[in-house]
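First comes the structure, then the notes that go with it.
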Amino acid sequence: MTWALVAHGGAGAIARGQLSPEQEAAYRDAMGVAAEAGAAVLRAGGSAMDAVEAAVHVLEDDPLFNAGRGAAFTAEGRNELDASIMDGRTLGAGAVAGVTTTRHPISAARAVIEGSAHVMLGGEGADAFARSQGLEQVDPIYFFTERRWRALEKGLAKLGLPIPPRPVGAPEDASGKAALVHEEGKHGTVGVVALDSEGNVAAGTSTGGSSAKRWGRVGDSPIIGAGTYASNKGCAVSCTGAGEYFIRLGVAHEINALVQHKGLSLQAAANHVVQDDLTALGGEGGVIAVAPDGQMAWSFNTSGMYRARIADGQPLVVGVYKDDP
């Protein structure tokens with residue numbers, strides 16, 4: 001196996017009967033498109049970092065997912081986006097939190113590695129840095145989707161909090177995808193891990209965070225070691241779930257440590273951290289992972305996780321429910 005890629009589009013309350021046939025088909029198709037975008041890079045001899053970025057771009061641009069266009073709203077009615085990426089060859093890592101105008105947060109995270117001496121940038125400074133690096137900027141209304149706005153209204157009403165004014169210029173749903181978006185709870189994130197033909201691994205994660213989040217809340221997605229980690233000595237991991245629990249356990253790094261230092265298989269390491277440690281702490285979510293020897297794995301303790309894997313000489317496999325292959 002010379003290359004491999006695994007992608008996720010969020011874990012959560014995704015059980016049979018909760019998705020309409022049209023919803024299920026839309027999510028399966030979208031996961032396949034993203035995986036194939038990354039695979040195209042790897043087939044051409046591209047790097048794991050390039051493959052991760054390319055595949056995450058597809059997911060960030062798809063309003064079905066809680067990342068980029070389609071991100072959840074804060075209690076103030078804003079889209080605040082987080083992302084991180086890590087290069088397993090060099091341990092180079094970059095992250096951004098709370099960006100509001102950068103179209104592709106995953107690219108901003110990568111630019112932190114290549115254009116700064118830092119690992120994490122936040123808020124207005126992160127967007128200013130992205131602009132300085134020539135990354136595409138958009139009006140914040142670009143990220144608006146009707147379904148996520150309705151979810152915000154519902155969530156704030158339940159909390160007894162005021163509903164902010166609808167953003168000026170907010171578009172009606174022209175794509176027809178609003179009705180297909182499934183509210184997966186607080187676990188919506190996208191991520192990709194890849195192994196390239198040079199034997200290098202990389203991981204990237206991007207999210208809009210939890211709906212109705214307050215006070216500048218940041219979850220695990222932009223935190224290296226919690227939501228994202230990659231090392232050629234162990235594996236590459238991207239996480240999705242209730243971020244506070246993933247931060248407390250350092251889930252992504254913990255899986256790498258079990259592979260690197262304990263010699264566990266990739267699947268055994270992922271299962272131990274997710275099914276045992278995370279579950280015992282009361283956290284919900286899942287992970288995807290890939291190792292330099294071509295092992296691929298995913299593990300989740302929710303009813304479903306949007307996911308896909310593809311490798312050299314192996315067909316594309318897409319899963320949604322717990323009992324999918």
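The values are calculated or read from the model by the stated rules, or taken from the named source; none is laboratory data. All values reported here derive from a predicted model rather than from experimental measurement. Please note: Cβ atoms are built from the backbone with ideal geometry, for glycine as well, and neighbour counts cover all protein chains shown. Surface areas here come from the heavy atoms of the whole protein model, side chains and all, with no ligands, DNA or RNA. Shrake-Rupley method; radii C 1.70, N 1.55, O 1.52, S 1.80 Å.
Side notes on the structure shown:
- Placing a label point 7 Å from the Cα of Ser116 along the Cα-to-Cβ direction, the residues of segment 134-154 whose backbone N falls under 14 Å from that point are 134-135.
- Annotation for Ala44 and Arg131: the two label points, set 7 Å from Cα along the Cα-Cβ direction, are 3.1 nm apart.
- Along segment 276-290 the Karplus relation, 6.51 cos²θ - 1.76 cosθ + 1.60 evaluated at θ = phi - 60°, assigns HN-Hα couplings of 9, 5, 5, 5, 5, 7, x, x, 10, x, x, 9, 10, 7, 9 Hz to successive residues, with x for each Gly and Pro.
- To the nearest ten degrees, helix 146-159 and the longest principal axis of the Cα atoms of the chain are 80 degrees apart.
- Additional length obtainable on full extension of the chain from Arg166 to Arg16, 0.36 nm per residue less Cα span: 50.7 nm
- Low-density loop cleavage sites - chymotrypsin sites (Phe, Trp or Tyr not before Pro) in segment 186-252, where at most 12 other Cβ are within 10 Å (DSSP): Trp215
- Count of lysine pairs in the chain with Cα separation under 29 Å (8 or more residues apart, or interchain): 15
- Between Asp323 and Arg214, residue separation times 0.36 nm minus the direct Cα-Cα distance comes to 35.7 nm.
- Accessible area expressed per residue, the chain, with surrounding protein chains retained (probe 1.4 Å, Å²): 37
- Hypothetical label at Asp276: residues of segment 221-248 whose amide nitrogen lies under 17 Å (7 Å Cα-Cβ projection): none
- In plain terms, the chain from Asp139 to Leu91 could stretch by 14.0 nm, reckoned as 0.36 nm per residue minus the Cα-Cα distance.
- Peptides 73-86, 278-291 ranked from most to least packed, by the mean per-residue count of other Cβ atoms within 10 Å: 73-86, 278-291.
- For the chain: relative contact order, % (alpha-carbon pairs under 8 angstrom, 6 or more apart): 27
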